[in-house]
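Scroll down for the structure; my scribbles are underneath it.
The values are calculated or read from the model by the stated rules, or taken from the named source; none is laboratory data. Computed from a prediction, not measured in an experiment: that's the story for all the values here. Counting neighbours? That spans all protein chains shown, and the Cβs are built from the backbone with ideal geometry, glycine included.
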Amino acid sequence: MPRGVYDDGGEKDWFSDSAGDSLTPEFPAVSDVLYLLDEPEAHLHLTAQRDIAATVVTLAGESQGVIVATHSLSFLDSPPGRTRVLTLEATPDGIRSSSDTGLQNLTKHAEALGFTPSALALACRGVLAVEGPSDVEVIQRYGGIDLDRTRIIIVPLHGMNGAASIAELEFLHALKIPVHVLFDHTHADTIKKMIAGRRLPRWRSKEEQEVGKLHEALKRGGLQVNLLPFSRVDIIRAVPEPEIAWALQELGKPPFIGWPTLDARAEKEWRENRRKYKDTFRDATGSTVESVIKRLITGDRHGPRSPELHGILARMLDGDPGGPATGITL
């Protein structure tokens, strides 16, 4: 049972569990005191750990605050506006700390699924990080796999090399949750050469260059993630043609010219004018990528899955080392 130390050197139990299933302070908080607690959950069962985490939050509100060193995930469920969670990990270079940026996404998904953050962290099989909200929508709708059912959380990163993204990955790494990242316009051969320090192709996509920066940032932090390359130039390319045709019709746009024709036009315009794929898509269809995706996700349809996305996700879950979509460790 955690104990408190008085100024005179004496000790007293800080908490009482006489009721058998709850914990309450045995003395009132002192308003001008900052409390330091070392593993207050030690030797307590899970329900008691949750109780003591709630009690610590109350104690913090009635004093100068509480600093807790803990191994209990129950503290992840503390009110985010009143607590801050940091993870500490011993490395050969010293102690590494990470912020609670990643906890925010964990909390959002937990609430959507009816879990507490601690319960989801225990049940979570892994995290799939993607570039943005559009990627999340396309993967969930056309990946052909119920990621919630397989206990995979899909989250958008705040830019591939942003400080917030690295902090998010550090937090998940500290919780021992496997992290996978899926970026479009990335080719496995190029990424493997980059990691091995071999000569790179003369031209690399912007996404491949950003993956290189992410790789360096992860190395500095002693972190590892599993990269899932998606060679298509944009995530919209994973959407089957009939789905694009339906969305354009619903938006009152001309008939879809088809992916092969659009791809050929986009490649030509890129070579001649360095024109972005999304700009070519807009000119060819009369609609933006974002508008098409929005119409698809609001439509009451159950379209076909994308073979490419499904293959990537299936091999991620199966851990198939021989599959062409096998991830690359960054």
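Let's see how each residue does on (1) more than 28 Å from L44 (Cα to Cα); (2) at pLDDT below 75; (3) in contact with a helix residue (DSSP H, G or I) (Cβ under 6 Å, 6 or more places away or on another chain); (4) outside any helix (DSSP H, G or I):
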position	(1), (2), (3), (4)
S74	no, no, yes, no
P79	no, no, no, yes
M160	yes, yes, yes, yes
F171	no, yes, yes, no
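More than 19 Å from Y142 (Cβ to Cβ) and under 31 Å from the mean Cα position of the chain (by Cα), is that true of R265?
no
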Open item on the list: Return the pair list, or none, for Cβ contacts closer than 9 Å from residues in the stretch 54-68 that are among the hydroxyl-bearing types (S, T, Y) to residues that are surrounded by fewer than 16 Cβ atoms within 10 Å (Cβ to Cβ) and at pLDDT 85 or above, at least 6 apart or on different chains.
Closed with: S63/L34
- [ ] Look through the stretch 311-325, keep the residues that are more than 15 Å from A188 (Cα to Cα) and not in a loop (DSSP other than H, G, I, E, B), and return whichever of them is modelled with the lowest pLDDT.
- [x] D318
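One line per residue, one yes/no per condition, for (1) modelled with pLDDT under 75; (2) outside any helix (DSSP H, G or I); (3) not hydrophobic (A, V, I, L, M, F, W, C):
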position: S97; (1), (2), (3): yes, yes, yes
position: N105; (1), (2), (3): yes, no, yes
position: K108; (1), (2), (3): yes, no, yes
position: A112; (1), (2), (3): yes, no, no
position: F115; (1), (2), (3): yes, yes, no
position: S134; (1), (2), (3): no, no, yes
position: I139; (1), (2), (3): no, no, no
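Residues are listed down the side, and each one gets a yes or a no for (1) in a loop (DSSP other than H, G, I, E, B); (2) surrounded by fewer than 13 Cβ atoms within 10 Å (Cβ to Cβ); (3) over 27 Å from the mean Cα position of the chain (by Cα); (4) at pLDDT 60 or above:
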| site | (1), (2), (3), (4) |
| --- | --- |
| D8 | yes, yes, yes, no |
| K12 | no, yes, yes, no |
| S22 | yes, no, yes, no |
| T58 | no, no, yes, yes |
| A90 | no, yes, no, yes |
Task: Which listed residue is farther than 28 Å from R204 by Cβ and either surrounded by 18 or more Cβ atoms within 10 Å (Cβ to Cβ) or not small (G, A, S) (or both), from E269, E308, E241 - done: E241
